[in-house]
Every structure is written in structure tokens, then in C-alpha cells.
Amino acid sequence: MLMGFWLIIPLSQCQANDRLLDILKSKGIITDQQLKEINNESMNEVNASYRNGFKLETGDHRFSLQLGGKIRADFRYFANNSAFDTFDLRKAKFSVGGTVFKDYDYKLSVGFDSGTAKLKDAYIRYNFSPDIQLKAGQFKHPFGYERQYSSRYYPFMERATTTSGLTSSRDRGIGLEGNPFNGYLSYEIGIFNGTGSNSTNNNDDFDYAGRLILHPTRGNKGGFDAAIGTSYAWGQQQGMKSKDINLKTETRSNNTYFTAEIPTDRGYNRERQSIGATLLYGSSMLNGEYLRTDYDFNKKTNIQGGYIGAGYLLSGEGRFIKDGRVRYEDVRRPVDFEKGQWGCWEMGVRYSWFKVDDRFFQNNGIYSGWTAVDVTKNVNKGNALTTGVSWRFNDMSRIVANWVHSKADNDLIGGTSNIFTLENGNKMDTEDAYLMRFQIEF
């Protein structure tokens with residue numbers, strides 16, 4: 001890292017030289033042949049630049065190295081429950097990536113948010129063409145629509161409960177991806193362990209997953225833009241107790257809507273499906289997703305849910321869709337109080353919900369010998385309303401503030417929806433949280 005920063009100042013001169021050569025060529029001072037000879041001589045030079053990360057690249061573009069990272073510092077305040085109030089380091093991540101021999105790229109990232117270093121991404125990819133790329137290692141699992149959103153381009157601090165509970169963040173495997181038909185279609189397919197990040201396979205089967213995004217309005221930047229996507233995953237799983245099925249609140253409190261512990265000697269089939277869509281018009285965004293996971297333990301059961309959300313950029317910037325993912329335009333007026341520039345402001349609202357099959361709460365409900373989930377400590381339905389304001393100082397940093405109203409519901413005989421414990425010992429069926437985050441990402 002130190003060597004990279006040390007090289008930035010002297011090597012950035014190469015960028016200026018390139019611009020100077022272009023000017024000389026446009027004015028006819030040097031010929032095409034002379035420009036070609038100069039470029040050939042500079043092929044072995046290393047150029048330094050910054051664009052979404054510090055980058056070093058050889059003159060022939062065959063080798064590159066890019067440094068990146070992010071820090072998310074959070075504050076969480078819970079009405080009537082000070083036991084959960086906290087300052088938290090939600091995420092701290094450092095990454096390095098780049099290109100070797102032009103057609104191969106790689107990425108390695110490590111997260112430090114849990115107090116210890118954990119591997120996030122670690123993969124290599126061979127780029128046959130924009131239509132086909134082969135990837136192997138540990139990377140984002142290609143299931144879910146909201147799961148593929150980067151926190152850099154999202155108006156909320158956390159993903160919806162169903163996204164967090166029914167999708168996988170990262171997994172180890174191999175896959176193909178690409179953007180054929182000139183970007184009107186994006187796809188990812190792969191074979192994975194099915195056990196999540198930093199885990200080896202725990203049975204004799206794998207998880208098969210894929211996602212497909214159709215972008216029919218490609219090229220309508222600034223106008224109406226739309227994308228619709230679907231994803232599917234199937235695999236035979238082995239029980240991992242509390243790591244199997246866990247629906248948490250979007251506030252990251254210690255409260256949990258529903259947890260089902262599957263014994264380690266129990267195998268089952270898991271089938272996941274989702275469909276989502278995004279509509280953009282100028283500074284406005286509307287998006288939503290429906291997810292369903294079916295579990296086959298000889299007796300079939302399921303969990304389903306989804307969300308619908310909207311966002312509006314108050315300062316005039318727009319959004320666009322690239323490779324099937326939503327991105328922001330650059331901040332037009334980065335914060336500079338002396339010049340009267342106030343950055344980019346955004347407002348957002350999202351409603352999410354989930355429903356758990358009643359069989360989980362019945363003895364022998366999902367297989368013979370199954371012990372029912374405690375109906376007094378878990379709920380079979382829930383929803384959350386999230387509103388937020390985001391202030392982007394520039395393209396690298398922002399402050400986000402969210403209010404999240406979570407609601408638990410239970411219509412089962414003998415059940416209770418009062419799962420949120422207050423500081424005075426009483427319990428309620430709702431939780432109100434006020435969240436704030438300072439985020440920097442490069």
C-alpha cells in the first residue's frame with residue numbers, strides 16, 4: 001500500500017503526458033506514426049490514477065492493481081429499550097483487485113467488522129468476452145435481487161428481513177456470467193457448496209443457482225429505465241442448527257422474529273425463487289421483490305415474503321442500470337460550503353413483510369420427530385416500515401439516517417406477537433429504532 005501511494009504522485013504525470021500527446025496530435029504537430037512510436041515506447045510504463053479506488057496500470061493495459069475499501073460506522077437507538085443502544089462498526093473492509101495478462105482479473109477482500117479478519121471475496125475470473133466470463137473462488141451468490149445491490153447505491157442501511165434471511169451473501173464455487181446482446185441481458189449461473197462464506201461443503205451435494213436480468217430500456221439514461229430479474233437456487237442441504245433458518249429484524253437488534261434449528265443429522269432439499277423489478281425515471285426509483293423458499297423434509301414447508309421501496313434524489317442526480325444493477329450518477333455538486341455546494345440528498349421509503357408456514361410450529365409438522373418451534377417466542381408473520389434520508393458528500397462518502405418500525409404478528413393458537421422486550425421488562429409486538437451511519441467507500 002505504501003509503495004502504491006508513493007508512486008501515485010510521480011506516475012500521475014504519465015496521465016498528463018497522454019493528454020499532452022493527444023493535443024499535439026490534434027494540432028498536427030506530431031504525426032500518427034510518431035504518436036504510435038511514442039506509445040510503443042511507453043508500453044512498459046506504469047500509470048497511476050484514481051477512479052473508485054487507487055489504481056496502478058501498465059501502459060499496454062495488460063496488468064493493473066486497484067486498492068479499495070469501505071468503513072461503515074453506525075449508531076443505533078431503540079425507543080423504550082436502551083439495552084440495545086450502541087455505537088457499532090458495521091463494516092470495515094479492505095480489497096485489492098486488478099488484471100493480469102489482460103484477460104484475467106482477480107479480487108481479494110477482507111472484512112474486520114466482527115473484530116477478527118474474515119475473508120469476503122477471493123476469486124479469479126477469465127474473460128472470454130463481455131458475453132462469457134468464468135469465475136472461481138468465493139464471491140457473491142447469484143440468488144436474490146436486492147442482495148445484489150451495493151450499499152453504495154441504496155437509500156437504506158440494511159436489507160429487508162426476507163433478503164437477509166432467505167438469501168446467501170457469499171459462497172464458494174464456480175460460475176459463468178456475462179452481459180450478452182449488447183447489455184440488454186445479464187446473467188449469472190454457478191455451482192456452490194451451499195454452506196455460505198468461509199465454509200467447506202458439509203454433504204455430498206451442491207447448491208445450483210442462477211439469476212437473469214432483462215434490461216429492455218438500455219440506453220435511456222436520464223429518461224425511463226427499467227429492469228426485471230428472476231433468480232433460482234436448488235440444493236440438498238445438511239442441518240446446521242441455528243445457521244439454517246433465521247429471520248432477524250432489519251434493525252440489527254438482538255430480537256429475532258423466527259428461528260428454526262435443523263439437527264445436523266437431518267438432510268433436506270431447499271428450493272429458492274425470487275422475482276424483482278426496478279423502475280427509474282429521472283431522480284425517482286421504484287423497486288420491489290418477492291422471495292419464496294421451499295423446504296422439503298419429506299413434508300414440504302415454506303417461508304415467503306418481499307418488499308417494495310421507493311427513492312427520490314432531491315438534488316437532481318439520476319440513477320442508471322449497468323450489468324443488471326442500479327448505480328448512481330456522480331454527485332454534481334460535492335460538498336463545498338464556501339462555494340455553496342451541499343452534495344446529493346436522497347429520501348427513501350420501504351415496506352417489507354414475511355410469512356412462515358404454520359407447519360414449523362407443529363410437532364411432526366415438517367418430518368416425523370420434529371419438535372415444534374416455540375409459538376410463544378417466535379412469530380409466523382411480520383412486517384417493517386423503513387424511511388430514510390441519505391446525504392452524499394461526494395462519490396465516496398455519505399451519512400444515512402433511518403427510522404424502522406418493526407411489527408410482529410402471530411395468528412397461531414397459543415401464540416404471542418409480543419417478542420420485543422422493553423427495558424422495563426414489558427413486552428410489545430412493535431419495535432421502533434432510529435439508526436444513523438457514516439460511510440466512506442473508495
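The values are calculated or read from the model by the stated rules, or taken from the named source; none is laboratory data. These numbers were taken from a predicted model, which means no experiment stands behind them. Here the Cβ is made from the backbone with ideal geometry for all residues, glycine too, and neighbour counts use every protein chain on show.
Can we say Phe320 is aromatic (Phe, Trp, Tyr), farther than 30 Å from Glu177 by Cβ and in contact (Cβ under 8 Å) with a residue 12 or more places away in the chain? Full working, then the answer.
Numbers: aromatic (Phe, Trp, Tyr): yes; farther than 30 Å from Glu177 by Cβ: no; in contact (Cβ under 8 Å) with a residue 12 or more places away in the chain: yes.
Criteria not met by Phe320.
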Exclusive hit being farther than 23 Å from Glu261 by Cα, more than 20 Å from the chain's Cα centre (by Cα), assigned by TED's automatic domain parsing to the domain that holds Asp85 and hydrophobic (A, V, I, L, M, F, W, C), set Val373, Val335
Val335
Checked against (1) at pLDDT below 95; (2) surrounded by 20 or more Cβ atoms within 10 Å (Cβ to Cβ); (3) part of a loop (DSSP other than H, G, I, E, B), Tyr367 satisfies every condition except (2)
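When the residues of the range 221-241 are filtered to those that are in a strand (DSSP E or B) and among the hydrophobic types (A, V, I, L, M, F, W, C), which remaining residue is nearest to Arg170 (Cα to Cα)? If you could, list the steps in order and put the result at the bottom.
In the first step, residues of the range 221-241 are kept if they are in a strand (DSSP E or B); the result is 224-238, 241.
Remaining after also requiring among the hydrophobic types (A, V, I, L, M, F, W, C): 224, 226-228, 233-234.
Details: Phe224: 32, Ala226: 26, Ala227: 23, Ile228: 22, Ala233: 14, Trp234: 16 Å.
My answer is Ala233.
Within the range 396-410, which residues are assigned to a loop (DSSP other than H, G, I, E, B) and modelled with pLDDT of 95 or more? First the steps, then the outcome.
As a first pass, look at the range 396-410 and keep what is assigned to a loop (DSSP other than H, G, I, E, B): 396, 410.
Selection gives Asn410 alone.
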Identify all residues within the range 49-74 that are under 17 Å from Tyr153 (Cα atoms), at pLDDT 80 or above and charged (D, E, K, R); write none if there are none.
Lys70, Arg72
Hey, can you tell me all the residues within the range 67-88 that are of a type outside the set (A, V, I, L, M) and within 20 Å of the chain's Cα centre (by Cα)?
Gly68, Gly69, Lys70, Arg72, Asp74, Asp88
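Looking at Tyr312, Tyr290, which is the one that is among the hydroxyl-bearing types (Ser, Thr, Tyr), within 18 Å of the chain's Cα centre (by Cα), in a strand (DSSP E or B) and under 24 Å from Arg152 (Cα atoms)?
Numbers: Tyr312 fails: within 18 Å of the chain's Cα centre (by Cα).
The unique qualifying residue is Tyr290.
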Taking the condition in contact with a strand residue (DSSP E or B) (Cβ under 7 Å, 6 or more places away or on another chain), surrounded by fewer than 18 Cβ atoms within 10 Å (Cβ to Cβ) and among the acidic types (Asp, Glu), does Asp121 pass?
no
